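To start, the structure itself, in structure tokens.
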Amino acid sequence: MEDYYCNQKFYQLKINAEKRAINSCCKSDQESLDTDWLKNNPGEIFNTPNLLRERSMMLSNQRVKSCESTCWSKEAKGMWSRRLSSKNKKKITTIRSKPTKLDITLSGECNLACSYCCKQYSSTWRKDIETNGKYEGLSNYNDRYELNNFDRVLKKLSQKKRQLSTVTNLINLEIDMMADGLDSVTITGGEPFLDYRFSDMMKKFKKTKYVSVHSGLGVSETVLRRGLDAMSNRHEKTGLIVSAESTGTNFEFNRQGSSWETFLRYIDIIKEYDVALEFLTTYSNLNVTDYVKFNTMFREYPITLNIVYDPEFMSVYNLDDDTKKFLIDDIKNSSLGNTKSATDIIKTINQPTNGKLKKELQYFLSQFTERRKINADFMPESFKYWLEAQ
């Protein structure tokens, strides 16, 4: 019998202030906030009618739709999922609940345009689409690669003006009410260090046991140090989770807007502060060739694995057979070979691809490289031959 329970629905809340949406778990589908309902139910942002229904379904061992694309469908194929990575935690059975973990996305302000990212999480991605137009040939991903009316309105507003809306005020009140009861808080973006509220946000969670900040380090040294100062002023444990997973030219291709040399210098700067350093590695088919190299290089630090499933054409299984074999052998023959992370990524690499995903990758890569005047020469020759072959 399948087990469709996930305790993250019962304790983890993600708020995207800019998009006015919430998730119960950062991987589940988003739920748009009902402003009128929230006005009439203060302090209940984690107990919307939809979230209560989903928790009830899980306790009845029913498959919740918002978890379908990122967990259930992947697990059915033996692939990595967020749920399986935290499955052994204590079971919670209370339907009406209070969050103990908050994940808040401040905004999409970001100086980087990472290959697997999109306009929702990067203002630089939005600017690129506005300048060069939508990506062609990606019909299943239109909202990811073309602007809508919300994007156009967002572009015209300054950071401060975006924070004057009714829903933003309601979200701020909800955060204030839950702050002292939280065990951990994760602050993400975009790039959190670019948000003018960052220092104030750190003060808001002064009683929280652990606060982590996710950064791609796509900022000036002045901005980086200002953010690290705000983090170091906390008396409780504070961690900086750096989003990175590749090296050298691979890094610079996939982390558009940053350089490998600057990245290494910033890592050295971070070591000067009273902040715990970790890495979040997000692997797609365009950076997974550096899996062993990066994980070996930074093995002294905690590293959490994340695998791209959306867009699917960037999944690590959308590769030619020769590259897959090389990757799997490389991982198995390394010191990482027997780790859970390695096992999870090998299982996913082994999944089959198809002509549709290959064609979409062709469309994406040709437009991505042309817009940025770069090339993917760091990829294996077999991959380039496979991609060009009809």
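On the basis of being open to solvent by 40 Å² or more (accessible area, probe 1.4 Å) and in contact with a helix residue (DSSP H, G or I) (Cβ under 7 Å, 6 or more places away or on another chain), does residue 131 make the cut? Judged against the criteria, residue 131 is not a match. Screening the candidates 223, 219 for the property of being modelled with pLDDT of 95 or more, among the aliphatic types (A, V, I, L, M), under 25 Å from residue 287 (Cα atoms) and within 22 Å of the chain's Cα centre (by Cα) yields one hit, 219.
A quick yes/no check of all residues on (1) surrounded by fewer than 21 Cβ atoms within 10 Å (Cβ to Cβ); (2) under 18 Å from residue 17 (Cβ atoms); (3) touching a residue at least 24 places away in the same chain (Cβ under 8 Å); (4) more than 15 Å from the chain's Cα centre (by Cα):
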position: 100; (1), (2), (3), (4): yes, no, yes, yes
position: 116; (1), (2), (3), (4): yes, no, yes, no
position: 120; (1), (2), (3), (4): yes, yes, yes, no
position: 139; (1), (2), (3), (4): yes, no, no, yes
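None of 385, 363, 309 is hydroxyl-bearing (Ser, Thr, Tyr) and either at pLDDT below 95 or in a loop (DSSP other than H, G, I, E, B) (or both) except 309.
Restricting attention to the range 338-358, does a residue exist that is part of a helix (DSSP H, G or I), over 30 Å from residue 29 (Cα atoms), open to solvent by less than 50 Å² (accessible area, probe 1.4 Å) and touching a residue at least 40 places away in the same chain (Cβ under 8 Å)?
no
Can you find a residue in the range 280-293 that is among the aliphatic types (A, V, I, L, M), open to solvent by less than 40 Å² (accessible area, probe 1.4 Å), more than 29 Å from residue 257 (Cα to Cα) and out of contact with any strand residue (DSSP E or B) (no Cβ under 9 Å at 6 or more places or on another chain)? Within the range 280-293, none of the residues are among the aliphatic types (A, V, I, L, M), open to solvent by less than 40 Å² (accessible area, probe 1.4 Å), more than 29 Å from residue 257 (Cα to Cα) and out of contact with any strand residue (DSSP E or B) (no Cβ under 9 Å at 6 or more places or on another chain). When the range 235-250 is filtered for residues that are among the charged types (D, E, K, R) and crowded, with 18+ Cβ neighbours inside 10 Å, only 245 remains.
Among the residues of the range 173-187, write down those that are open to solvent by 20 Å² or more (accessible area, probe 1.4 Å) and either modelled with pLDDT of 90 or more or in contact with a helix residue (DSSP H, G or I) (Cβ under 8 Å, 6 or more places away or on another chain) (or both).
173, 176, 177, 178, 181, 183, 184
Looking only at residues in the range 94-120 that are in a loop (DSSP other than H, G, I, E, B), in contact with a Gly (Cβ under 9 Å, 6 or more places away or on another chain) and among the hydroxyl-bearing types (Ser, Thr, Tyr), the one that is nearest to residue 204 (Cα to Cα) is 100. Scanning the range 23-47 for residues that are open to solvent by less than 10 Å² (accessible area, probe 1.4 Å) and among the β-branched types (Val, Ile, Thr) gives a single hit, 45. Selection over the range 52-94 of residues that are farther than 30 Å from residue 349 by Cα and either free of Cβ contacts under 8 Å to residues at least 60 places away in the same chain or open to solvent by 60 Å² or more (accessible area, probe 1.4 Å) (or both) gives a count of 12. All conditions but one from (1) under 29 Å from residue 134 (Cα atoms); (2) open to solvent by 50 Å² or more (accessible area, probe 1.4 Å) apply to residue 321; the one that does not is (1).
Of the residues making up the range 296-318, those that are over 21 Å from residue 241 (Cα atoms) and open to solvent by 30 Å² or more (accessible area, probe 1.4 Å) are 310, 312. The residues on offer are 74, 98, and the sole one that is touching a Phe, Trp or Tyr at 6+ places or on another chain (Cβ under 9 Å) and closer than 22 Å to residue 176 by Cβ is 98.
Looking only at residues in the range 195-232 that are open to solvent by 20 Å² or more (accessible area, probe 1.4 Å), out of contact with any Lys or Arg (no Cβ under 8 Å at 6 or more places or on another chain) and part of a loop (DSSP other than H, G, I, E, B), the one that is farthest from residue 261 (Cα to Cα) is 207.
Residue 10 fulfils the conditions (1) closer than 20 Å to residue 170 by Cβ; (2) touching a residue at least 60 places away in the same chain (Cβ under 8 Å); (3) crowded, with 21+ Cβ neighbours inside 10 Å except for a single criterion, (1). Please specify each residue of the range 366-377 satisfying the condition of being outside any helix (DSSP H, G or I) and either hydrophobic (A, V, I, L, M, F, W, C) or touching a strand residue (DSSP E or B) at 6+ places or on another chain (Cβ under 7 Å) (or both). Answer for the range 366-377, where residues must be outside any helix (DSSP H, G or I) and either hydrophobic (A, V, I, L, M, F, W, C) or touching a strand residue (DSSP E or B) at 6+ places or on another chain (Cβ under 7 Å) (or both): 374, 376.
The values are calculated or read from the model by the stated rules, or taken from the named source; none is laboratory data. For clarity, every value in this text was computed on a predicted model and none was experimentally measured. Glycine also receives a Cβ, built like all others from the backbone with ideal geometry; neighbour counts cover every protein chain displayed. Keep in mind that these areas ignore ligands, DNA and RNA; they rest on the heavy atoms of the full protein, side chains included. Shrake-Rupley method; radii C 1.70, N 1.55, O 1.52, S 1.80 Å.
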